[in-house]
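Take a look at the structure below.
Just so it is clear, none of the values below were taken in a lab; they were calculated from the coordinates. Model, not experiment: these values are computed from the prediction. All Cβ positions, even for glycine, are placed from backbone atoms using ideal geometry, and neighbour counts span all protein chains on display.
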Amino acid sequence: MVKEIFTDKAPAAIGPYSQAIEAGNMIFVSGQIGINPENGEIAPGIEAQTKQVMQNLSAILEEAGASFSQVAKFTIYLASMESFAIVNEIYGSYLEKPYPARATVEVSRLPKDVLVEIDAIVHKEN
């Protein structure tokens, strides 16, 4: 069974996709960018965007009855690898050991020309 996860505490999808999908004991969270769900504005700069992304992810996970401690894997997409250290520090401040698996890649462009996007795969305990 597939169940859509939606919260108004994270930005609505900007295309034909869901914020997240729960399938069995797995949750697949769509890539989140630094959009403030209250006003629809993109956070200014890499630090603010990364914090907003993590807040958006947290809100979606909370709606799904999960948390960062249940994330099995993150994928981080960066507009520039020069932002890696800053993103890594902020991202890491939201997590505790054991840390999830992760991939980080530089891409040529992200939606709305943001600087960072992060998605997640979560194992939800039954």
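Descriptive notes on the structure:
- Number of residues in the stretch 78-90 that are closer than 16 Å to LEU57 by Cα and buried (at least 16 other Cβ atoms within 10 Å of the Cβ) equals 2.
- Looking across ALA79, ALA59, one residue alone is touching a Lys or Arg at 6+ places or on another chain (Cβ under 6 Å) and more than 18 Å from GLU125 (Cβ to Cβ). It is ALA59.
- Filtered residues of the stretch 51-74 (kept if touching a residue at least 24 places away in the same chain (Cβ under 8 Å), over 20 Å from ALA23 (Cβ atoms) and crowded, with 21+ Cβ neighbours inside 10 Å): VAL53, MET54, ASN56
- Of all the listed residues (SER93, SER30), the sole one being closer than 26 Å to GLU125 by Cα, touching a helix residue (DSSP H, G or I) at 6+ places or on another chain (Cβ under 9 Å), small (Gly, Ala, Ser) and surrounded by fewer than 12 Cβ atoms within 10 Å (Cβ to Cβ) is SER93.
- Matching residues in the stretch 102-126 - criterion: being under 12 Å from SER67 (Cα atoms), in a strand (DSSP E or B) and basic (Lys, Arg): none
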